[in-house]
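A.B. asks: Structure provided below as structure tokens; questions to follow.
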Amino acid sequence: MAISILGSTGSIGRQTLDILQSEHLAPGAPVLKVAALAAGASNLDLLSQQIVQFEPELVAVPSDSDRESLRASLADYFKSGKKTEILVGEEGLIACATHPAVKTVVTAVVGFLGVKPTLEAIKTGKTIALANKETMVAAGHLVNELAAKHGSKIVPVDSEHSAIYQSLEASILKAQAAGKSLEQAGEVEKLLLTGSGGPFRTWSEEAMARATVSDALKHPNWSMGAKITIDSATLMNKGLEVIEARWLFSIPAHKIEVVIHPQSILHSAVEFVDGSIVGQLGLPDMRLPIHFALYHPQRVPSARVPRLSLSELKDLTFEKPSFSRFPCLAMAQEVAATDDSSACVLNAANEIAVDSFLKGTITFTDIARTIERTLSAHKPIKAPQLGDILEADRWAREKSVSLVAV
């Protein structure tokens, strides 16, 4: 079976390729061939190494200059007779997502960039191993409509949504057999979305106002890219996950509860109407949900997936989040209940604000202020189509840039 990885040099992409190496898999495990890779310009050396190792048919990079740099570094590879086509820009990204031989597309690019290639892949009926939460945040209703129309399966890679998916799998199949949504089936009381609380879980509002970029990048449990790590510090990451879960599982936003769990062992859970709580436990390591999504519906042993020993666990604690100290989470939960373009605007404003904070242009607490001011200026569009979403994203970025420049 052939797969494509969008964002192959990022954290999820690297771990996906690590899992695919045959020496880590049990004998007889399905062999997954890498047919296409797409990556940004920040790590072309690593992309070159990935191409040499996995020999994909197609690769996409952002620009013509990136393509020329990559070709130069692969001179010996091409001289040996290897054939890998290198495309550029959005066209290249979409080509990787819709490669005819590919069955599963791992969407691991960061941000709104993942929306269009994911939608195009869905139109071809591919399975989407979804690690790009912004796609569901900005265009969740379109994803669901297209997936139903074209028979595409969405398997989440985020550890929280993977945990919920695994906990709900029997209920999902039962509801589908009855021609109902999970909400209509009536078995689910609520989804319990866990989060570590990030580096500022115990910080006061006054201390967070003085937080540096270095402080915010010190996540206690997970090793991730800069953008998602800052989102974890503001708890916007958890807010985006609420919006994503609303669309992934067709569950109303008021039935999704965020629970702070500092140890990151229970990755999320489902409370059913009879009072039972079913969850998925594991070490805080993304290779488990990636592995699950790649081989679903099979469960395949791998030496690269770390094992949790229950007998070695000491404390598992849970607490409610502070909405006053983490206004990004409060805003996202409000937006999760809407059916308009607000979620797209929230996401775009957050991307601009986080980037500005990482560059030292604004303070940590200015992130939430920028998002709030952008949302306040937006006139929501009900049931937005792709053109509306693209325009809302463009507007929100322009508005946010003007706000951080003041």
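A.B. asks: Please list, in order, the residues from region 232-249 whose amide nitrogen is less than 14 Å from a point placed 7 Å along the Cα→Cβ vector of residue 213.
C.D. replies: What the label zone holds, given the 14 Å backbone N cut-off, is no residue at all.
A.B. asks: Next question. Among 48, 406, 389, which residue has its Cα furthest toward the positive end of the charge dipole of the chain, with +1 on Lys/Arg Cβ and -1 on Asp/Glu Cβ?
C.D. replies: Of the candidates, 48 comes out farthest on the positive side.
A.B. asks: Would you mind working out the accessible area per residue for region 1-93, using a 1.4 Å probe, and quoting it in Å²?
C.D. replies: Normalised by residue count, the accessible surface of region 1-93 is 46 Å².
A.B. asks: Okay, moving on. Counting only protein heavy atoms and a 1.4 Å probe, tell me what percentage of the chain's accessible area is made up of carbon and sulfur.
C.D. replies: Taking all protein chains in place, the chain shows 52 percent carbon and sulfur surface.
A.B. asks: Calculate the radius of gyration of the Cα atoms of region 21-120 to one decimal place, then report Dmax, the largest Cα-Cα distance, as a whole number, both in Å.
C.D. replies: Cα only, region 21-120: 14.0, 42 Å (Rg, Dmax).
A.B. asks: Work from the charge dipole of the chain (Cβ charges, +1 for Lys and Arg, -1 for Asp and Glu, about the Cα centre) and give the residue of 367, 108, 59 farthest towards its positive end.
C.D. replies: Selected residue: 59.
A.B. asks: In terms of modelled amide H atoms, which long-range or inter-chain residues lie less than 5 Å from the amide H of residue 196?
C.D. replies: 261
A.B. asks: So, one more: For region 5-19, in order, what is each residue's ³J(HN,Hα) by Karplus, 6.51 cos²θ - 1.76 cosθ + 1.60 with θ = phi - 60°, in whole Hz (x at glycine and Pro)?
C.D. replies: My calculation for region 5-19 gives 10, 9, x, 6, 9, x, 4, 5, x, 5, 5, 4, 5, 4, 5 Hz in order.
A.B. asks: To the nearest 20 Debye, how big is the dipole of region 104-200 about its Cα centre, given +1 on the beta carbon of each Lys and Arg and -1 on that of each Asp and Glu?
C.D. replies: Value, rounded to 20: 320 debye.
A.B. asks: Taking a probe of 1.4 angstrom, what is the accessible area of residue 251 in Å², to the nearest 10?
C.D. replies: 0
A.B. asks: Pop out the ³J(HN,Hα) list for region 51-63 in order, Karplus 6.51 cos²θ - 1.76 cosθ + 1.60 with θ = phi - 60°, rounded to Hz; leave Gly and Pro as x.
C.D. replies: Values, residue by residue: 5, 4, 6, 10, 6, x, 6, 9, 9, 10, 10, x, 9 Hz.
A.B. asks: What does the charge dipole of the chain about its Cα centre add up to, to the nearest 20 debye, if the Cβ of each Lys and Arg holds +1 and the Cβ of each Asp and Glu holds -1?
C.D. replies: 440
A.B. asks: Moving on. Which of the chymotrypsin sites (Phe, Trp or Tyr not before Pro) found in region 291-328 are in a DSSP loop and have at most 15 neighbouring Cβ atoms, other than their own, within 10 Å?
C.D. replies: 318, 323
A.B. asks: What does the accessible area per residue of region 155-212 come to in Å², with a 1.4 Å probe and no ligands, DNA or RNA counted?
C.D. replies: Per residue, region 155-212 has 42 Å² of solvent-accessible surface.
A.B. asks: Another question, if that's okay. Using θ = phi - 60° and the Karplus form 6.51 cos²θ - 1.76 cosθ + 1.60, what ³J(HN,Hα) does each residue of region 163-169 get, whole Hz, x for Gly and Pro?
C.D. replies: 4, 5, 4, 5, 6, 9, 3
A.B. asks: Report the one residue of 204, 128, 297 whose Cα lies farthest in the direction of the positive end of the charge dipole of the chain (charges on C-beta: Lys and Arg +1, Asp and Glu -1; origin at the Cα centre).
C.D. replies: 297
A.B. asks: Tell me the accessible surface of residue 373 in square angstrom (1.4 angstrom probe, heavy atoms of protein chains only), to the nearest ten.
C.D. replies: Rounded to the nearest 10, that gives 130 Å².
A.B. asks: Which whole-angstrom value gives the distance between the alpha carbon centres of region 202-250 and region 343-376?
C.D. replies: Centre-to-centre distance over Cα atoms comes out at 13 Å.
A.B. asks: Another question about this same structure. How much area per residue is accessible in region 228-380 when the probe is 1.4 Å and only protein heavy atoms are counted (Å²)?
C.D. replies: 42
A.B. asks: Turning to a different aspect of this structure: Any idea how far the Cα center of region 158-173 sits from the one of region 14-89, in Å?
C.D. replies: Spelled out, the Cα-based centre of one part sits 31 Å from the other.
A.B. asks: Would region 93-234 count as rounded, prolate or oblate if I go by the C-alpha gyration tensor, calling it rounded below 1.5 in a/c and otherwise prolate when a/b exceeds b/c, oblate otherwise?
C.D. replies: Oblate shape, in that a/c is at least 1.5 and b/c is the bigger or equal ratio.
The values are calculated or read from the model by the stated rules, or taken from the named source; none is laboratory data. Please read these numbers as outputs of a predicted model, since none were measured by experiment. Note: ideal-geometry Cβ built from the backbone for every residue, glycine included; neighbour counts use all protein chains shown. Areas reflect the complete protein model, heavy atoms only, side chains present, ligands, DNA and RNA absent. Shrake-Rupley method; radii C 1.70, N 1.55, O 1.52, S 1.80 Å.
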